[in-house]
Structures are given as C-alpha cells and as structure tokens.
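S.K.: Following this message is one structure expressed as structure tokens.
The values are calculated or read from the model by the stated rules, or taken from the named source; none is laboratory data. None of these values were measured; they are calculated from a predicted model. Virtual Cβ from ideal backbone geometry, glycine too; neighbours counted across all protein chains shown.
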Amino acid sequence: MLRNHTRRDWLCAAASAVSGAYLAGTRLASATEAPAGRVALARCKTYDPGEVTPALRKMFDQLGGLGKLVNGKTVAIKINLTGSPTYRLGYEPLENTHYTHPAVIAATVQLLGMAGARRIRVLESPWATADPVEEYLLQANIEPRDILGAARNVEFENTNYLGFAKKYSRLKVPSGGYVFPAFDLNHSYEDCDVFVSIAKMKEHATAGITLSMKNCFGITPCTVYGEGAGVDEPSILPKGGRDLIHAGNRGPSKSAPQEKDPKSPRQDTWRVPRTVVDLVGARPIHLAIIEGVKTMTGGEGPWVSPYQTAVEPGVMLAGLNPVNTDAVAMSVMGFDPMADRGTPPFEQCDSTLKLAEDVGLGTRDLKRIEVIGARIAEVRFDFATLRKRRGSMPERPLGMRG
Amino acid sequence: MQWPEGWKDPGVLDLVKGTPIDYLLVPNGPEFDAVRSHAQQLGIEVGDPGRAPGGIEIVKGSWPGVQWPTNGAGAGPTGVPWVNSNGWLIRLNRALHPEIAQWVDGPPPAKSFIDADSYLIAIADSATHGGRWIVALDEPVAKGIAVREAKSLAVWKRLTATAAFFAVHKTWTDYSPVGVAGIVSDFTGDNEFFSHELLNLMGRAGLHYRILPKDRISATSFESLRAVSYTDATSPSPELRRQILQFVQAGGLLIAAPIWGEVAGSPASSPQPGYKVQAVGKGRVALADDVPTDPYSWAADTAVLVSHRYDLVRFWNSGASRSFYTMSPDRKQAVVHLLFYAERGPDSATVRVAGRYRAVRGSTVDAPKIEDLAIQPQGDGVEVRLPQVSQYVALELDV
C-alpha cells in the first residue's frame, strides 16, 4: 500500500487515512467516528534489557508486528529529552523521571532493525541548543552508543534547527489546523516513511498530561518557533523555549506559515493542546510508545513544583493510533480519558485528546479501543489520587516552556 | 585586606589578630597612623592601597558571583546564568608569571545584596585557583563591624573562617590543573581579547583546560590532553606547528583558526557545523571555516568537538557553578574544587568526576572532613551526591 509513493504523498495519505473528516477542513468527526484500534499494554518493572526488549517485542507482535510497518523503510523516532540535561529531580537520573529511558529507545531501535528498518533516525530538539543530540545525552550521563549500536544505520539528529538539510520542510495540517495551518520543520520529519513517538508517561503543567501526542510539541524548531526565532527568516541557532506557541506574544518567523487567527485566545492552556493536535495532524504518528517504567508525578520536569516525586509504575504501552494509546495511558494513570476542561488532569486546560478526537485523529473512548496484553486495572498507577492528595494541579512555571 | 576608610580606631585590629589576614592596605593619611602602628606591633604587615609588596602582583578582577541581567531579560530556570569569576585570570597570570603571587582586587559593588556567603565565594573563587582575594568589605558590613554589631560580626567570622580554611590547605595551590583542552596563545596584543575571553568562557562551557603560553611549549605540554585550541591571529612558528602536529599524529585533536592553513589528511565528519575536519595520523584537525570572532562560540564549539564524553566534571542541580580539577605533584591525590556562585548552596546536587579513585572525601568551610559522601562508581568516573552544602566544596580523591 505504501509503495511507489513519494514520502510527501505518503505522509498526506497516512494523515488522510485516519479520517475523511480532514478533507472538509472542519470539526466533523466525533468520538464515534474517530478511528479505534488496538493498544498493547505490558507490565515492565525494570529497565533491564532482558525485561524491556521482550515486553516491547510482545507488544509490537500484539499490534500485528513491526515488519509490515517498517521493513525497508526509514523510521524516525521522536524521543523526549525535555529541559536541561543538568536538571534532575533530586538525585534521580533524568531517564528515571522525565527523559525517555535509553533502554527503551535502544530496545525499540533494536527491534525496528530486526524488523527490517533500512534507516533509523532518533530525533529530539534539545533545550536551546543546536549541539548534536549525542552531546546532549552525554551531559545527562546517558551513553548514546548504546542506542547507535542497537541496529544498523542508526543516527541522531537535532531537530531544533535546520540541521543537515538546506531548507525546512513544510508540513500541512490536513484538517486545516486549530492554530497553525502548517509548520516548517526540520527535514527529518518529512524524510521518513514511518514516524514513532516514544514518550514518558507524565503529567504536564500546561497540557494536563504529556504522552505520545504532547511529545510532538518538541518537533517544532526554536529557530522558527522559539523566543529567539528570527523575525523574517529562521535564526541560525535556537535560543530559549517555545514561548511564542505558549503565549502567542509574537508569530513564528515570517517565512513560516502564520497563525490562522491572531485574535484567538493567548492562553497557553488553550494554545498548547491545539498546537499539539495540529502537529500530530501534520506529522502523523504511526507507532506510539509510552514508557512509564519509572517516571515522576506532578509535572513534566523537576522545575514544575517542589511537590514532585519519582515513581515506578512499571508499565509500557504501544499502539498504532496515538489518541487511542494516550487514552489508555490516561486510564492507566487513573484519569478519565473522556475528561474535558475543568476535570483532572485538565483542570485549567483543554484536553489534547478531545481536540484530537474532534478532528478525527482517533477515539479516546475506551469502549471502542481494544486493549491487549495486561489489563488496565492490573497495571494502574494512580497519578490521579496522588494529584488529589497534593491538593493541586501542577503549577505553571514562568520561564520554562519547552 | 583593604582597610575600610571608616576604621580609624586601631582597636578593630583585635578582630584581625589571629586570622590569616596578614597584610593590610591602609589608606594614606595621618588619621590611620595609629592603625598602622598598632598593626605593626601585632606583626601584621602594612602597605599603601594599590601597591603590592615584592613578589606579588595585584590584578584587577571582578566581584565573583552571578551577574544578574540589567535589562530584565535573563536565563530561564534551566538556562545557564552568567557568572563572574576571577579564576581564569589568576590562572593566566600564574601561567605567564609563575614566580609572582596573585592578589585579586575585586571589591563588592555598592548597593548590592551581600551576605556572609558572598564573601565565602569571593575568597574561594581566588584561593582555589591559586590567588588571594583582597578582603574588601562592603560599607554596611564595615560599619557594623566597627560598632561590633552582631550580624556584621557573624559575616566577619564567616569570612575569616573561609580564609583560615584555605590557609590550612595552602598546599593545594601547588596542585596542577587537569584539563582536556590546551589553549595555546601568546595571550597578548591582537590576541589578548579573544584569548582572555576564551579562557573566561571555557569555564562557562564546562570545559577544563590548561593554559599553554606559546613560548613555553615543551615535550610535556600536551600530556593527557585530548585537544589543543589555536586561535592566534598569526601563524604558529615552524617549531610550534611541528609540536602540535606531533600531538595530532599521536591521537590529539587540533581546533584551529583558518590562519593555521590547510592540513594534509583525509576528510572526516565534523560533529559541528563551521569546521572542516581532517584525519591526520591517529588524530584530527578541525579547521574553522571563518576567522573566529566570538570567543563564546569558540568555547562552545570546542566543547562539542572534544565531546562531552570526556567531561572531567559534570554537575546536576548545581545552578551557577564552576569546577577546577587539580592533581597533586605526586599524582596520588586529586582535588576538585566545586564552586556554587548563587546566593545559597545547591540542594540535591550531584557531581560526576572523571577518573578512577579508591576514596572520596569532601571538605567545606563548615565541615572540614565529610567522609560519608554517597558515592556511585561509574566505570571511568565516580558520581558523588552532595549533601546540602554552602557555596564551596572540595572533593579530595585518592588515586
């Protein structure tokens, strides 16, 4: 089905295949129409490769196998390395709290390689730098060779700037977009046949939760969408975070597609969930992986509040639809995926899942999602109750905006 | 110590007596005659302000600490704040004039927030790098001490305790800097601005360096280094070129400005845009495409070209920090000085020190011997979880 097409054709086809509602460019789909698929759920108590790799392999098999998805293909993997590599939650290594753990990345890379992936690119837009991702990982005390050596033809690329390409790739939002109609991104997000999001299971100060979709907020280059972005053209190097998406206090570089409606709300709790959905529409996720073997409560990184704790839910999820996968992950976290603004974890923000469902990206209705492997009740780790006990939702800190 | 203008009563000298403060720069004028005279009776040397005694050079430094932005903009919680440190300047002067001791004139700025720990960091910043900060009190503290106000006396106690700590550990100044990169320059003339700023900014980039004055390069200059940086505006002498290329042939990395000229080798990939990398012998030469004008970029690029894999010290949760890694002359003990320039010491900070060591101890002004540090060996390094500490910790590591 995917052969004899250009990557751009296939990208559009993959996005459109999710729902015909895109073609209308309006909110047409609903929970009952949005695609529903399988989500695999596995208990995984440690990051021992002897436990992680079999757990992932089993989940991928339960989803129908990686071979037909990646054989002969270029695969791009967006990982989550949010915040500075020198910022830990207490003494905990970053990968035990808020970074995607390298053992999960390496095992995924290994399994993708074994399934015939021709080339594997591991992507991230590290905080305020154009340095190679490998260098960023080293500063976090993570060995990039463990990932590079997990399969053949593996490479990292920092997507926070132009990178190795001559120009940015423009990816359109098939639905027309809530906030942005299209994005100018690093070439790696176009130059791939299969796109994988490996997220850490976390709450989020602005978006309530950060799972496989919110992980894609970081695909935007700060040279275009950051506080140091050039006014007319992208800056050469990224600087700072993505304040302009959060606050809407200015537009992206003029060379890039601008906001649809500059009079729309300027609140980050309105803008961030919608921009995430726009991004996931523009750059569809073919394989969503969420790791919650070890993670943290109370926010996406240690800077959010002083009441955060390192926890060990011991769980991983994988699915071919990111909305379905995030919905199951929310339930594992003790939240109701059907929750809307005003209900935890969306006390102050819009639900990224609902917005995604509304444009037909996938359903969040658990009754329509087939959960295979472990049962949700068996692996539930109750973030919701911990959130209630803390007595507040994560605070939204000023200054640190991914 | 820079004697405060307001201290005309020689009785204040009782506070100085018995402290490591052994030289007073007393203002001119007959109103200080009694101070001079009493100081000499106490065995404390006295000199004129701004005039160093023989064998000592007074260098103009800055007040060490975090420099807060004046325009309202600044780094976010995870950004790296700007730190003023005199460490690089002391090290440079010691490298250029090893026979002359360095005193640093960097008084506290007027109308700024200064507490006891500000003085701790001021003294430690110089002492760890082999210099001495000329004690200069801010006006409110000086006034408070003169009238024996308790709060100001507490500051004085902290200040003198810090000076005493470094007096006890005077031998540490004989320890040699350990670095991964060597900075080769004449550090003068057209090269002064760039080379001086580069040294200043290497610390910000977290890169440990050794200062290599061009005219003192010997067979051992490049020992244990992974890279050498050459940015002078003029070509190296044939002999210096030969020595550096010998280092490259043996596996080193040369990062050079275009003035170095083309190097015969085979093309290699560059981890950093803006450099053409050639494999030469067992090593590499990274030749910049353009004449370097920004020392900040050069320092940051050097850190990547060398690779953070070889970081000698990595910090977590340290805030505005610097480190200085030194080795004893007999190479049996390393001392890694950890300096935290924020207004208070770090909480839950971790530091990773490269090297294989069998024992690690910590010492601070408050706790001269911390034996029970939480240590985690990590192959070619050791990770140390620091307890709640003030702005300075020395890690003593036994080989």
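S.K.: I'd like to know if the range B:344-359 contains one or more residues that are among the small types (Gly, Ala, Ser), crowded, with 20+ Cβ neighbours inside 10 Å and within 14 Å of another protein chain (Cβ to nearest Cβ).
M.R.: Yes; the residues of the range B:344-359 include at least one that is among the small types (Gly, Ala, Ser), crowded, with 20+ Cβ neighbours inside 10 Å and within 14 Å of another protein chain (Cβ to nearest Cβ).
S.K.: Same structure, new question: With the structure loaded, tell me whether A:Ala182 is within 14 Å of chain B (Cβ to nearest Cβ), closer than 24 Å to A:Cys222 by Cβ and hydrophobic (A, V, I, L, M, F, W, C) or whether it fails that test.
M.R.: Numbers: within 14 Å of chain B (Cβ to nearest Cβ): no; closer than 24 Å to A:Cys222 by Cβ: yes; hydrophobic (A, V, I, L, M, F, W, C): yes.
For A:Ala182, the condition - within 14 Å of chain B (Cβ to nearest Cβ), closer than 24 Å to A:Cys222 by Cβ and hydrophobic (A, V, I, L, M, F, W, C) - is not met.
S.K.: Within 14 Å of chain A (Cβ to nearest Cβ) and at pLDDT 95 or above, is that true of B:Val285?
M.R.: no
S.K.: Output the number of the condition that A:Thr223 fails; it satisfies all remaining conditions of (1) closer than 29 Å to A:Ala327 by Cβ; (2) among the polar types (S, T, N, Q); (3) outside any loop (DSSP other than H, G, I, E, B).
M.R.: Of everything listed in (1) closer than 29 Å to A:Ala327 by Cβ; (2) among the polar types (S, T, N, Q); (3) outside any loop (DSSP other than H, G, I, E, B), A:Thr223 misses just condition (1).
S.K.: Suppose we filter the range B:303-341 for residues that are of a type outside the set (A, V, I, L, M, F, W, C), within 20 Å of the chain's Cα centre (by Cα) and away from every other protein chain (no Cβ under 12 Å); how many remain?
M.R.: Result for the range B:303-341: 9.
S.K.: Still on this structure: Among the residues in the range B:251-269, are any within 13 Å of chain A (Cβ to nearest Cβ) and surrounded by fewer than 19 Cβ atoms within 10 Å (Cβ to Cβ)? First the steps, then the outcome.
M.R.: Step one: of the range B:251-269, the residues within 13 Å of chain A (Cβ to nearest Cβ) are B:269.
Then keep just the ones that are surrounded by fewer than 19 Cβ atoms within 10 Å (Cβ to Cβ); that gives B:269.
Yes, the range B:251-269 contains at least one residue that is within 13 Å of chain A (Cβ to nearest Cβ) and surrounded by fewer than 19 Cβ atoms within 10 Å (Cβ to Cβ).
S.K.: For a quick check of your reading of the model, give me the residue pairs whose first member lies in the range B:241-260 and is on the phi < 0 side of the Ramachandran plot, whose second is part of a helix (DSSP H, G or I) and surrounded by fewer than 18 Cβ atoms within 10 Å (Cβ to Cβ), with beta-carbon atoms closer than 6 Å and at least 6 apart or on different chains.
M.R.: Listed pairs, sorted by first residue: none to list.
S.K.: Take the conditions out of contact with any His (no Cβ under 6 Å at 6 or more places or on another chain) and without any contact (Cβ under 8 Å) to a residue 60 or more places away in the chain and apply them to B:Ser318. Does it pass?
M.R.: Here the answer is yes, as B:Ser318 does meet what is asked.
S.K.: Sticking with this structure for a sec: Can you name the residue in the range A:226-258 that is of a type in the set (A, V, I, L, M, F, W, C) and either within 21 Å of the chain's Cα centre (by Cα) or at pLDDT below 95 (or both) and, of all such residues, is nearest to A:Leu171 (Cα to Cα)?
M.R.: The selected residue is A:Ile245.
S.K.: Let me ask something else. Considering only the range A:92-120, state which residues are of a type in the set (S, T, N, Q), within 14 Å of chain B (Cβ to nearest Cβ) and buried (at least 21 other Cβ atoms within 10 Å of the Cβ).
M.R.: Here is the first cut: in the range A:92-120, the ones of a type in the set (S, T, N, Q) are A:96-97, A:100, A:108, A:110.
Next, only the ones that are within 14 Å of chain B (Cβ to nearest Cβ) stay: A:96-97.
Result: A:Thr97, single match.
S.K.: Look at A:Arg396 and say whether it is within 14 Å of A:Gly299 (Cα to Cα), within 14 Å of another protein chain (Cβ to nearest Cβ) and at pLDDT below 95.
M.R.: Values: within 14 Å of A:Gly299 (Cα to Cα): yes; within 14 Å of another protein chain (Cβ to nearest Cβ): yes; at pLDDT below 95: yes.
So A:Arg396 fits the description; yes.
S.K.: Take B:Leu92 and tell me if it is surrounded by 22 or more Cβ atoms within 10 Å (Cβ to Cβ), farther than 21 Å from B:Trp172 by Cα and either in the same structural domain as B:Glu192 (by TED's automatic domain parsing) or in contact (Cβ under 8 Å) with a residue 40 or more places away in the chain (or both).
M.R.: no
S.K.: Also, I was wondering about something else. Taking the range B:285-314, which residues are in a loop (DSSP other than H, G, I, E, B) and surrounded by fewer than 17 Cβ atoms within 10 Å (Cβ to Cβ)?
M.R.: B:Asp289, B:Asp290, B:Val291, B:Thr293, B:Asp294
S.K.: Looking at (1) assigned to a helix (DSSP H, G or I); (2) modelled with pLDDT under 95; (3) over 16 Å from A:Gly319 (Cβ atoms), which one does A:Ala14 not meet, given that it meets all the others?
M.R.: (3)
S.K.: I'd like to check something: does the range A:265-284 contain any residue that is in contact with a strand residue (DSSP E or B) (Cβ under 7 Å, 6 or more places away or on another chain), surrounded by 24 or more Cβ atoms within 10 Å (Cβ to Cβ) and outside any loop (DSSP other than H, G, I, E, B)?
M.R.: Yes; the residues of the range A:265-284 include at least one that is in contact with a strand residue (DSSP E or B) (Cβ under 7 Å, 6 or more places away or on another chain), surrounded by 24 or more Cβ atoms within 10 Å (Cβ to Cβ) and outside any loop (DSSP other than H, G, I, E, B).
S.K.: Quick check on my filter: what residues within the range A:352-383 are crowded, with 19+ Cβ neighbours inside 10 Å and among the small types (Gly, Ala, Ser)?
M.R.: Passing the criteria: A:Ala356, A:Gly360, A:Gly362, A:Gly373, A:Ala374.
S.K.: Further question on the same structure: Please enumerate the residues belonging to the range B:323-336 that are within 21 Å of A:Asn141 (Cβ to Cβ) and touching a Phe, Trp or Tyr at 6+ places or on another chain (Cβ under 7 Å).
M.R.: Matches in the range B:323-336: B:Ala334, B:Val336.
S.K.: Also, quick follow-up: Does at least one position in the range B:271-282 carry a residue that is basic (Lys, Arg), farther than 28 Å from A:Glu157 by Cβ and surrounded by fewer than 21 Cβ atoms within 10 Å (Cβ to Cβ)?
M.R.: Yes: the range B:271-282 contains one or more residues that are basic (Lys, Arg), farther than 28 Å from A:Glu157 by Cβ and surrounded by fewer than 21 Cβ atoms within 10 Å (Cβ to Cβ).
S.K.: For A:Gly299, only one of the following conditions fails: (1) buried (at least 22 other Cβ atoms within 10 Å of the Cβ); (2) more than 14 Å from chain B (Cβ to nearest Cβ); (3) within 24 Å of A:Phe383 (Cβ to Cβ). What is its number?
M.R.: The failed condition is (2).
S.K.: Regarding A:Glu291, is this residue charged (D, E, K, R) and assigned to a loop (DSSP other than H, G, I, E, B)?
M.R.: no
S.K.: Hey, another quick one. Hey, can you tell me all the residues within the range A:153-164 that are within 12 Å of chain B (Cβ to nearest Cβ) and assigned to a loop (DSSP other than H, G, I, E, B)?
M.R.: Residues satisfying the conditions are A:Tyr161, A:Leu162, A:Gly163, A:Phe164.
S.K.: Considering only residues of the range A:65-91 that are in a strand (DSSP E or B) and closer than 21 Å to A:His204 by Cβ, which is nearest to the other protein chains (Cβ to nearest Cβ)?
M.R.: A:Leu81
S.K.: Just to be sure, is A:Tyr136 more than 11 Å from every other protein chain (Cβ to nearest Cβ) and surrounded by 21 or more Cβ atoms within 10 Å (Cβ to Cβ)? Give the steps one after another, and end with the answer.
M.R.: Working: more than 11 Å from every other protein chain (Cβ to nearest Cβ): no; surrounded by 21 or more Cβ atoms within 10 Å (Cβ to Cβ): yes.
Here the answer is no, as A:Tyr136 does not meet what is asked.
S.K.: Right, A:Ala150: crowded, with 20+ Cβ neighbours inside 10 Å, more than 9 Å from chain B (Cβ to nearest Cβ) and not aromatic (Phe, Trp, Tyr) or not?
M.R.: yes
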